[in-house]
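For reference, the structure discussed in these notes is given below.
Only the coordinates and a few stated rules stand behind these numbers; no lab work does. What you are looking at is a predicted structure, and each value in this text was computed from that prediction instead of being measured. As a convention, Cβ positions derive from the backbone with ideal geometry for all residues, glycine included, and neighbour counts pool all protein chains shown.
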Amino acid sequence: MQMKEQVLIAGAGPVGMITGYYLAKHGVPVTVFDSLPETTTDHRASTVHPSTLEMLSELDMTDEMAAKGLISAVFQYRDRYDDRIVAEFDYGIISDETEFPYALQVEQHKVINIAREHAEKLSTFELKRPFEVVGLNQNENGVELSVQNPGGYIEIHNGRYLIACDGGRSIIRKNLNIDFPGFTWGERFVIATTKFDFGAPEAGNHRYRNYVAHPDQWCALIKVAGDDMKGLWRILLPASGKESDEYVKSIEWVQDKFSECLPYAPPYEIIHRNLYNVHQRVAETFHVGRTVLAGDSAHVNNPLGGMGMNGGIHDGLNIAEKLVRIWRKEGDDTLLAKYDRQRRTMAKKYVQAQSIQNKEILQENDMKARRQKLDALGAIADDENTCHEYLLKSSLIAMVREANSVQ
C-alpha cells in the first residue's frame, strides 16, 4: 500500500473541520471528506463553553464566533411547578481560571464555516464534498479509504492516519467492529424555534440559557443570534413514546407545549421544528490501528448542558496535537493509545455523567426528591466555593485539565 503523506478525516462537521484546520495550520496535509454538498443550517448545537473558547482562541476563531453569536455570562435553572428561579450561575466566578468567563451562544453551522474559511486559505488543507466514505483498510503503514464520489464511482484515497468524525452512525466505527454500548432514551426530543422574545420582562425575563424543571413536562429554552442577528429562541422538549411521530411533529403539538411551558403570549410563530431520538453511548475504544474516533462517532449524549459539540471539539484538538507531534517526529504511535486513555475516560466521567444528571434533575417526578435536587442546586449557586467548582466542571475546564494529566 503506497501511502500519501497526509491525514484523512471523515466528516466535515464542527469536529472534523476544526481538527482539519488545526492540522493544516500546523503543517500537516489534510483531506476532509463529507457526504453532504454543503454545511447544513438546521438547528443543532449552539453552546460553546469557556474551555472550548480557550482552545479556539489559539486558532484565531473566537472573535469571529463572538461577532456571530451571543455572549452568555449567566445561565439559570427554573422550576415551573413552583414558579421560581432555582439557581443562577454566573461565569464571572471563574474569571480567575479563564479569560473567557462566559459561554458563547453561536450556532454549529457558523462555527463550522468559520473554521472552513480559515482552513481553505491553507495549501495543506483540502475539502472534498459530496464524497461519501463507504469503507476502509489499514495496515501498519497507513489507511486506505474507499469513497463514493459525486458521480457514484468509488475512489481510493490513502494517508498515514484516519480520524473518524462521521457521526453517531459512523460507517468507520462499524467497519472496525467497535462496539457502541449505552442506551436510547425512551422519549424523543423536539426542538422548536420562534422569534418571540422570552428575554423581555413581561415574557419571563429569561437568560440566554434556561433549564426548566417540571415533573410532567420539563423544557430547555435557549437563545441564539440567528443568521440575521435579530435573535431566535429555541425550546427543547421531550415527547413520550406513546405519541406518534406525525402528531409530535405537528404544529398543534408544538403550540400546545409552548403554551403549557411558556404561557406568556401564545400562539407563537413557529419557524422551525425538528424531532429526533436521543442516545447515550460511548465507544468501547477510540483507537484501532491508525484510525481514531472523535466526536459523535466516539460518544453521543443528550443535548442538555451543551456537552456534545464541546466534547467532540476537545477530542479533535487532542488527537490533532498528538498527530502534529508524530509528524514532527516528537512522538510515535503510542500517542494514539494515550488519546484513547485521555478522551474515552473523560467522555464517561464528564460528558456522559453530566448530561445524564442534567436531564434527571429536570425530569424528576418524585416530589420530595425533586425538591431536594433543586434545592441542592440552589445551594451550590449560593456558595461561591461550591459554585466555582461546579462551573469548572460544567464548562469542561476541569475535564480538560484532568485529561491532560492522564499519561
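Give the residue list of GluC sites (Glu not before Pro) in the range 86-119 that are DSSP loop and have at most 15 other beta-carbon atoms within 10 angstrom. Show your work: numbers first, answer last.
Working: sites: GLU88, GLU97, GLU99, GLU107, GLU117; in loops: GLU97, GLU99, GLU107.
Filter output for the range 86-119: GLU99.
Can you compute the equivalent ellipsoid semi-axes for the chain, i.e. the square root of 5 times each eigenvalue of the Cα gyration tensor, sorted largest first and rounded to whole Å? The partial results should precede the final answer.
Values: eigenvalues 271, 106, 80 Å².
Largest first, the chain gives 37, 23, 20 Å.
Would you kindly state how much longer the chain becomes between GLU284 and VAL134 on full extension, computed as 0.36 nm times their sequence separation minus their alpha carbon distance, in nm to one decimal? Please list the in-between numbers first.
Details: separation 150, 0.36 × 150 = 54.00 nm, distance 2.16 nm.
Contour length minus the Cα-Cα distance gives 51.8 nm.
Expected output is a single nm value to one decimal: the length gained when fully extending between GLU99 and ILE85, i.e. 0.36 nm times separation in residues minus the C-alpha distance. What is it?
Values: separation 14, 0.36 × 14 = 5.04 nm, distance 2.79 nm.
Separation in residues times 0.36 nm, less the Cα-Cα distance, equals 2.3 nm.
Averaging the inverse of every distinct alpha carbon separation and then flipping it gives the Kirkwood radius. What is it for the range 101-160, in angstrom units? If you can, show how the numbers build up before the last one.
Numbers: mean 1/r = 0.0702 Å⁻¹.
Answer for the range 101-160: a Kirkwood hydrodynamic radius of 14.2 Å.
Roughly what would the spin-label model give for ALA265 and ILE251, points 7 Å off Cα along C-beta, in nm?
Here the answer is 1.9 nm between the modelled labels.
Bin by bin, in steps of 10 Å, what percent of the Cα pairs in the range 104-257 do you find, going until the bin that has the longest distance?
Per 10 Å bin, starting at zero, the Cα-Cα P(r) for the range 104-257 comes out as 8, 23, 25, 24, 16, 3, 0 percent.
Quick one: what does P(r) look like for the range 147-212 with 10 Å bins over all Cα pairs, in whole %?
Per 10 Å bin, starting at zero, the Cα-Cα P(r) for the range 147-212 comes out as 12, 25, 19, 21, 17, 6 percent.
Under a crude label model (7 Å from the Cα following the beta-carbon direction), how far is ASP60 from MET229 in nanometres?
2.1
Taking 0.36 nm per residue of separation and subtracting the Cα-Cα distance, what length does fully extending ASP383 through SER240 add?
47.8 nm
Kirkwood Rh over alpha-carbon pairs of the range 252-316, then Stokes-Einstein at 20 °C and 1.002 mPa s: what D in µm² s⁻¹, rounded to an integer? Kindly include the intermediate steps, with their values, before the conclusion.
Details: Rh = 14.8 Å.
D = 145 µm²/s.
Here are some pairs, LYS25/LYS121; LYS68/LYS223; LYS195/LYS257; LYS121/LYS230; LYS68/LYS393; LYS257/LYS373; which of them have Cα atoms lying more than 18 Å apart in this structure? Don't skip to the answer; put the middle values down first.
Numbers: LYS25/LYS121 10 Å; LYS68/LYS223 13 Å; LYS195/LYS257 16 Å; LYS121/LYS230 30 Å; LYS68/LYS393 26 Å; LYS257/LYS373 24 Å.
Over 18 Å Cα-Cα: LYS121/LYS230; LYS68/LYS393; LYS257/LYS373.
Please find the FRET efficiency linking GLU321 to GLN2, where r is the Cβ-Cβ separation and R0 is fixed at 25 Å, and quote it to the nearest 0.05. Provide the component values of the computation, followed by the final result.
Working: r = 28 Å, r/R0 = 1.10.
The pair GLU321/GLN2 has a calculated efficiency of 0.35.
Classify the range 182-328 as rounded, prolate or oblate from the Cα gyration tensor: take a ≥ b ≥ c as the square roots of its eigenvalues, call it rounded if a/c is under 1.5, otherwise prolate when a/b beats b/c and oblate if not. Before the final figure, lay out the partial values.
Details: a/c = 2.89, a/b = 1.78, b/c = 1.62.
Taking the square roots of the gyration eigenvalues as a ≥ b ≥ c, the range 182-328 is prolate.
Kirkwood-based Rg over Rh for the range 53-118 (C-alpha set), two decimals? List each step's numbers first, then the result.
Working: Rg = 14.9 Å, Rh = 13.5 Å.
Expressed as Rg/Rh, it is 1.10.
Just want to confirm a number: the relative contact order over the chain, from Cα pairs under 8 angstrom separated by 6+ residues, in percent.
Details: 830 pairs, mean separation 84.3, N = 407.
With pairs under 8 Å counted, the relative contact order is 21 percent.
At LYS329 and GLN407, where each label point lies 7 Å from the Cα along Cα→Cβ, what is the point-to-point distance in nanometres?
Result for the modelled spin labels: 2.6 nm.
Pairwise over distinct Cα atoms, reciprocal of the mean inverse distance: report the Kirkwood radius of the range 7-69 in Å, one decimal place. Before the final figure, lay out the partial values.
Working: mean 1/r = 0.0769 Å⁻¹.
The Cα-based Kirkwood calculation yields 13.0 Å.
Averaging sequence separations of C-alpha pairs under 8 Å and six or more residues apart, then dividing by the length of the range 256-324, give the relative contact order as a whole percent.
22
Hey, what does the equivalent ellipsoid look like for the range 268-407, semi-axes from the Cα gyration tensor as sqrt of 5 times each eigenvalue, largest first, whole Å? Write out the running numbers ahead of the final one.
Numbers: eigenvalues 217, 77, 34 Å².
So the three semi-axes of the range 268-407 are 33, 20, 13 Å.
With θ set to phi - 60°, apply the Karplus curve 6.51 cos²θ - 1.76 cosθ + 1.60 along the range 14-28 and write out the HN-Hα couplings as whole Hz, x wherever there is a Gly or Pro.
Residue by residue, the range 14-28 yields x, 6, x, 5, 5, 4, x, 4, 4, 4, 5, 4, 9, x, 9 Hz.
When the helices in the chain are scored as -39500 (n - 2.57) per DSSP H run of 4 or longer and the sum is shared across all residues, what 222 nm value do you end up with, to the nearest 500 deg cm²/dmol?
On the way: 13 runs with 139 residues, N = 407.
Theoretical 222 nm ellipticity from helices: -10000 deg cm²/dmol.
Quick one: compute the contact order of the range 181-227, relative version, from alpha carbon pairs under 8 angstrom and 6+ residues apart, as a percent. Show your work: numbers first, answer last.
Numbers: 28 pairs, mean separation 9.5, N = 47.
Worked out over the range 181-227, it gives 20 percent.
Please identify the GluC sites (Glu not before Pro) of the range 201-264 that satisfy two criteria: DSSP loop assignment and at most 16 other Cβ atoms within 10 Å. Which are they?
Values: sites: GLU202, GLU243, GLU246, GLU252, GLU260; in loops: GLU243.
The qualifying sites are GLU243.
Do any trypsin sites (Lys or Arg not before Pro) in the range 127-217 lie in a DSSP loop with no more than 14 other beta carbon atoms within 10 Å, and if so, which? Walk me through the intermediate numbers first.
Details: sites: LYS128, ARG160, ARG169, ARG173, LYS174, ARG188, LYS195, ARG207, ARG209; in loops: ARG160, ARG169, LYS195, ARG207.
Taking the range 127-217 and a limit of 14 other Cβ atoms within 10 Å, the loop trypsin sites (Lys or Arg not before Pro) found are ARG169, LYS195.
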